[in-house]
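Asks: Handing you a structure now.
The values are calculated or read from the model by the stated rules, or taken from the named source; none is laboratory data. Computed from a predicted model, the values in this text were never measured in an experiment. With ideal geometry, Cβ positions are generated from the backbone for all residues, glycine too; neighbour counts draw on all protein chains shown. Please note that ligands, DNA and RNA were not included when accessible areas were found on the heavy atoms of the full protein model with its side chains. Shrake-Rupley method; radii C 1.70, N 1.55, O 1.52, S 1.80 Å.
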Amino acid sequence: MTAKTALIGVDWGSTNLRVMRLGPGGVVLDRRLDPRGAVGLEPGDFSAVLAEVAADWLIDGAPVLICGMAGARHGWVEAPYCLCPAGVTEVAAALVRPDPIRDLAIVPGVSFSPGGVLTDVMRGEETQVFGVAADGLIIAPGTHSKWITVETGRIVALRTFMTGELFAAVRDATLLGAGMGAPGTDPEAFRRGVGRGLDDRNLSAALFSVRVESLAGRLEPAGAADYLSGLLVGAEIAGQEPDRLGGPLTLVGDPALVARYVEALEMAGARDVRTADAGRATAGGLWRIWEAAR
């Protein structure tokens, strides 16, 4: 017998849609992936796309909770940011309900405004934080890497690093990236890049070492992408206050990328580095928010 659906959890990213059928406690019973991310949709498209992807799951009337870019300004409907410090209770109280008929809600993002001045925002990572359910520093590496400070279960601060987007821009649109392939083939080049990023705080100058190392014969073309990736990750870590690396640090995201960050953090001296499964964290966070909103 198919387990009963307690909640349909949706993670609507910029480039992908992930839909999960959740049982009690946020256990993932089934999941589906669709390439129609929020960036390519108009506000009026979201409802139809969700109905198409999860039609057979929706017929039983299970509630739907959505996190991510569906709540952005140009998404399904804007879900205003919840101001730090923010815990599950505050986020659940700020859910936006765009459908007058269906039991469907969108999770707001979280903003950081020290002294009343907006300095940073995120959407989607807050749900993963609540699923991880751990205090300390939570790092969500990716296109826009997030370093999130959690105290007594509440998000109290965050900072964004454009590491992934900068990597893509340098590789695809600069002289340094000419002929550069994808990373993941030269672990030693990655470690050398991390070392350079940790040691040289002048990123714009350190980036040119990609070319210099190649001209000097110390970097093979096949390792250039790994070296660049390591350099940028190292620079991201070097931008932290040293005492922040004392732990605990919890990484949540793509497993291959998380593994690279673990290695880079340990090179930087971090000793209490933990990892969490991104899908389970999102599911667990959606469940906690939904329960708090009931």
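Asks: How much length is gained if the chain between Ser47 and Val117 is pulled fully straight, taking 0.36 nm per residue apart and subtracting their Cα-Cα distance, in nm to one decimal?
Replies: Result: 21.8 nm gained on full extension.
Asks: Turning to a different aspect of this structure: Would you mind calculating the gained length between Ala168 and Arg218 on full extension (0.36 nm times residue separation, minus the Cα-Cα distance), in nm to one decimal?
Replies: Full extension of this stretch gives 15.7 nm more.
Asks: Local charge sum around Val39 (other residues, Cβ-Cβ under 14 Å, Lys/Arg +1, Asp/Glu -1)?
Replies: -1
Asks: To continue, here is another question. Assuming a ≥ b ≥ c are the square roots of the Cα gyration tensor eigenvalues, decide whether the stretch 174-260 counts as rounded (a/c under 1.5), prolate (otherwise, with a/b larger than b/c) or oblate.
Replies: Because a/c hits 1.5 or more and a/b fails to exceed b/c, the stretch 174-260 counts as oblate.
Asks: Set the Förster radius R0 to 45 Å, insert the Cβ-Cβ distance between Val77 and Asp243 as r into 1/(1 + (r/R0)^6), and round the FRET efficiency to 0.05.
Replies: Once the sixth-power term is evaluated, E becomes 0.65.
Asks: Just add up the charged neighbours of Gly230: K/R +1, D/E -1, any other residue whose Cβ is under 11 Å from the Cβ of Gly230.
Replies: Net of charged neighbours comes to -1.
Asks: To continue, here is another question. Quick one: pull the percent of accessible area on the chain belonging to carbon and sulfur, 1.4 Å probe, ligands and nucleic acids left out.
Replies: 54
Asks: Solvent-accessible area of Leu175, probe 1.4 Å, all protein chains present, reported in Å² to the nearest ten, please.
Replies: 120
Asks: Near the amide H of Ala157, under 5 Å away, which other amide H atoms are found, from residues 5 or more places off or on another chain, if H is placed in the peptide plane?
Replies: Here the answer is Thr149, since their amide H atoms fall under 5 Å of that of Ala157.
Asks: Modelled label-to-label distance, Ala178 and Asp34, 7 Å Cα→beta-carbon offset: nm?
Replies: Rounded to a tenth, the inter-label distance reads 4.4 nm.
Asks: What does the charge count near Val27 come to, summing +1 for each Lys or Arg and -1 for each Asp or Glu among other residues with Cβ under 11 Å from its Cβ?
Replies: +1
Asks: Please state the relative contact order of the stretch 1-121 as a whole percent: Cα pairs under 8 Å, 6+ residues apart?
Replies: 21 percent.
Asks: PRE reach from Ala157 (point 7 Å along Cα→Cβ): which of the stretch 107-129 fall under 11 Å by backbone N?
Replies: Inside the label zone: 114.
Asks: Counting only heavy atoms of the protein chains, get the accessible area per residue of the stretch 2-77 (1.4 Å probe) and round it to a whole Å² value.
Replies: Accessible surface, normalised per residue, equals 47 Å².
Asks: So, one more: Of the listed peptides 6-12, 235-241, 271-277, what is their order by residue-averaged count of other C-beta atoms within 10 Å, with the highest listed first?
Replies: Per-residue mean Cβ counts within 10 Å order the peptides as 6-12, 235-241, 271-277.
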